[in-house]
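Right, one structure below, let's go through it.
The values are calculated or read from the model by the stated rules, or taken from the named source; none is laboratory data. Predicted, not measured: the structure shown is a model, and the values here were computed from it. Glycine gets a Cβ as well: all are built from the backbone with ideal geometry, and neighbour counts include every protein chain shown. In case anyone asks, the SASA skips ligands and DNA or RNA and just uses the protein heavy atoms, side chains included. Shrake-Rupley method; radii C 1.70, N 1.55, O 1.52, S 1.80 Å.
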Amino acid sequence: MRIDRRGAAILRGSLLALLFATAPGCGEPMDALDDNGASALEEGEAENVSEAGLAASTRALAQDPPKIDRMLVKPLPSGGNALLLVHTAEGEQLPERIELNLEDQRVTLRDDGAQGDERAGDGVFSAIIKRPADLIDDSRRAVSSLLAEGPNTRVTNRATFEERGAVFPSLDALGVNGSLSELSSELRGDRIPIVRPPIPDAAVDVARSLMITDLSVVENPARTFNPCKGTGTPMGKWTFGHLMTQMANEPSTGVKPSDFVLQWLQQWRARQTVNGFVVPQRDAIRRVIDAWPRLPDGSLDLAKAPFRLLAIVNRVDLRENLVYGAGSAGEGRFVFGLIDERCNEKPFTVILEYGVRENGCSGVKSWAGAWAKLSSMPLGSPAYLTALEKITDQFVRANAAPGKPNGSALNQLRTNEVDLAKPWEMREFRIAGSGPRAHLLQQAPVKQTPDYATINGTSVLAQFINANAERVREGRHVVPLALSAGRPFLGGAAETPSGLFWSAPGISDYELRKGFSLATCNGCHAGETRTQFLHVAPTSFGKPAVLSAFLTGGEGSVVSDPGGTSKQIRFSDLARRREDLADLVGSSCLLEILRKPIGAPH
């Protein structure tokens, strides 16, 4: 463990460890849930140190990768090898050796002064690697071009996204935290700064590879069903009924799919206590249950489920950093909208969010490559639909994740609605692995979102934000299940009054306040993005879903600070996801080292 130039930061983290506890990061698969919707993992971790004091010996780098200032490659004179130099950011607390999984080689980064590392404990990790000739040449040309343009250089074919907002292109867009003079000095020493390559405009098409809402897909008659007209394929591969049947996995669990769905819906009919917070009942769910078509035995007819497919969504951008080992490769999602007995759309969406796991960088690149390849096919063509079905089958089929409850790859099911009562409300459900609701969906705390009624605007929230300020600014914080004193923190549901945003006394810095608020589910779906709650809004059959300006970057995407400062931010999240996917499939795994993961669940 390094204690020289980083000692002060470590000591500060140790002091902050007395204040707050951690919980698993967003989008991660959760352990079996207890009766209150908390996982055994979360309960155990509620006694541990704060994020700021995370110990190097226990830090899982795939989930919490180090910040990297810049990465250099120095070609070696013989053997076709090169010296990799990774400059970690000030204050990082890391072991002396870090294992990397690259495309075709395992590499040990060292900061112990041995085997090519110049000096132990200086924060510069070194490794001998196979010489990445193309990457070196591309980076040398890009850096040389930047140096030739001088101090007013502009980075083209690149955007920079900070806290989900688009900002003016800068050196940071290339993965370099440094000045032009520093780049020039490195280049003269034959240490080539590795930078991200330009992104071809045609590399990834959002509508075919990321947010798929085209009617040729979401109303494809071979895979979806229209209960209003009786057209399509009942229980087709992309129908709500098929997906819930796979999730229930009756041959393994003994749970009938219709009971699985009914038990989920009935949770709205009674008051729930989730993580110590009372979530009021919304008894209007009876309308949905009573109107649902029935089979002769009285059970729900899942083939005629009143949910219309709105979108199939690729969220590989939520992946962990798998150059550091096996872990999450992000999520695949299905978004459905409720329809009533007259086939009118209702303000009620259901999002099925499935986890995908891979063993390393090459695995996640292959997974991402399958999504990216869809961009080369005509949207809705037989080849496109077959390829997309092959992708979705990998995570929706029964027993896709043998180690998770029901063998389902589902991470969580989320609902966003104002149809049952006001205000808008989000709920989160996970499959319970044990307890009285074993094998059933159980309401759980909402990721990254404290209880709105008791936490927003309080000194408790201010203390948490201040204690984790650096990570909040970077979008790397995790909202814990409870504070270290045992006080519940993460909310049981996310009420979302119009214009909601998060603030706390004494938190006047825009970036800090926004960083916390935007990462919450209700902040992102309301005042922080100026969204009318839904990013994918329901429509009736024959009309594609309506996407928010936060996603598209269209009219309304420039948002003024709801906290009252003069600051503004421009959102274009699908452009961010597009760039991320193009980066992943078109670049060396070395460049994943530079990637800054996002910590939000949305």
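Measuring r between the beta carbons of residue 539 and residue 136 and using R0 = 60 Å, the FRET efficiency lands at 0.75.
Heavy-atom accessible area with a 1.4 Å probe sorts 128, 455, largest first, into 128, 455. A 1.4 Å probe, protein heavy atoms only, puts the accessible area of residue 238 near 0 Å². Accessible area per residue was computed with a 1.4 Å probe on protein heavy atoms; residue 478 scores about 20 Å².
Once you list every other residue whose beta carbon is under 13 Å from the beta carbon of residue 237, what net charge do they have if Lys and Arg are +1 and Asp and Glu are -1? So the surrounding residues net to +1. Length available on full extension from residue 103 to residue 344: 0.36 nm per residue minus the Cα-Cα distance, which gives 81.8 nm. Give the shape of the range 257-311 as rounded, prolate or oblate, defined through the alpha-carbon gyration tensor: a ≥ b ≥ c are the square roots of its eigenvalues, a/c under 1.5 means rounded, and otherwise the shape is prolate if a/b is larger than b/c and oblate if not. Prolate shape, in that a/c is at least 1.5 and a/b is the bigger ratio. Compute the Cα gyration tensor for the range 463-602, then decide on rounded, prolate or oblate, letting a ≥ b ≥ c be the square roots of its eigenvalues: rounded whenever a/c is under 1.5, prolate when a/b is larger than b/c in the other cases, and oblate in all that remain. Oblate is the answer for the range 463-602, as a/c is 1.5 or above yet b/c matches or exceeds a/b. Of 447, 365, the order by accessible heavy-atom surface (1.4 Å probe, DNA, RNA and ligands excluded), from most exposed downward, is 365, 447. How many angstrom lie between the Cα centre of the range 244-284 and the Cα centre of the range 371-412? Each part reduced to its Cα centre gives a spacing of 25 Å. Give me the lysines in straight-line cross-link reach of residue 74: C-alpha distance below 22 Å, same-chain residues under 8 apart excluded. Qualifying lysines at Cα under 22 Å: 130.
Keeping all protein chains in the complex and leaving out DNA, RNA and ligands, what accessible area do you get for residue 103 with a 1.4 Å probe, in Å² to the nearest 10? Rounded to the nearest 10, that gives 80 Å².
Our estimate of slack between residue 147 and residue 76, defined as 0.36 nm per intervening residue step minus the Cα-Cα distance, is 23.2 nm.
When the solvent-accessible area of the range 71-144 is split by element, carbon and sulfur atoms take up 46 percent of it, the probe being 1.4 Å.
Of the trypsin sites (Lys or Arg not before Pro) in the range 94-129, the ones in a loop by DSSP (not H, G, I, E or B) with at most 12 other beta carbons within 10 Å are 119.
Rounded if a/c is under 1.5, else prolate if a/b beats b/c, else oblate: with a ≥ b ≥ c from the C-alpha gyration tensor eigenvalues square-rooted, which is the range 356-491? Here the range 356-491 falls in the prolate category. At an R0 of 25 angstrom, the distance between the Cβ atoms of residue 181 and residue 596 translates into a FRET efficiency of 0.55.
With a Förster radius of 35 Å applied to the C-beta separation of residue 271 and residue 393, the computed FRET efficiency comes to 0.35. Among 470, 353, the order of accessible area from largest down is 470, 353, computed with a 1.4 Å probe on protein heavy atoms.
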